[in-house]
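The structure appears below as structure tokens.
Each value in this text was obtained by applying a stated rule to the coordinates, not by laboratory testing. Predicted model only: the values in this text are computed from it and were never measured. All Cβ positions, even for glycine, are placed from backbone atoms using ideal geometry, and neighbour counts span all protein chains on display.
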């Protein structure tokens, strides 16, 4: 039964809050209903099942990612990667979902089609265009996993490895320079993205 004040967007807001707090594994229709103060069955009026909630979260994430396929393709591809990273860092609990769930929502498919069409216009085949998109997406997810992820079962940040500078001078120097800091993650992301974009080209 439809409930006053409840909507698809409000349900997705609650789902995102739940995932941010407790992770994707904690998301269920029963738990989501409890968060909203309604029975789980009430949610099915707005979203038919849990898969629809998961797809809605994917769609919402991708809707916030910048894709303006104008000008040199490497420039807008870079903007896409930077925007995607920012979206994932804002909601790291969504990482397992974005890493494993195929894009199947109207908004997500529209984003992929727009980017792929622009790449085809640059000389890529349709398959190559999708390779570029998935390569960039996988790269960003992997980078953010390393940046924001935690060892499963551990709530605290993973400890730094014990490094003896006498035995591991290169690692010691890297740690002393700020390895693992936000600045280091940004530098590593930029360095790898530069190399990746330079190497991508139509066959």
Practice item. Please give, to one decimal in nm, the separation of the simple spin-label points placed at residue 86 and residue 148, each 7 Å out from Cα toward the Cβ. Key: 1.3
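Arranged from highest to lowest average of other beta-carbon atoms within 10 Å per residue, in what order do the peptides 8-16, 81-89 appear?
81-89, 8-16
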Practice item. Give the angle, between 0 and 90 degrees and rounded to the nearest 10, that separates the Cα long axis of helix 50-63 from the longest principal axis of the Cα atoms of the chain. Key: 50
Exercise for review: First check a/c for the chain, with a ≥ b ≥ c the square roots of the eigenvalues of its C-alpha gyration tensor; if it is under 1.5, answer rounded, and if not, answer prolate when a/b is larger than b/c or oblate otherwise.
Suggested key: oblate
Review point. Using Cα atoms only, what is the angle between the long axis of helix 73-90 and the major principal axis of the chain, expressed in degrees (0 to 90) to the nearest 10?
Key: 60
Practice item. Starting from the Cα of residue 176, step 7 Å along the direction of its Cβ; do the same at residue 131; then give the gap between the two resulting points in nm. Key: 4.3
Study note, to complete from the structure: Contact order relative to length for the chain, counting C-alpha pairs under 8 Å separated by 6 or more residues, stands in percent at 18
Practice item. Would you mind checking the tilt of helix 8-22 against the longest principal axis of the Cα atoms of the chain, expressed as 0 to 90 degrees and rounded to 10? Key: 50
Point to revise | Cα centroid of segment 177-193 to Cα centroid of segment 66-141, whole Å | key: 22
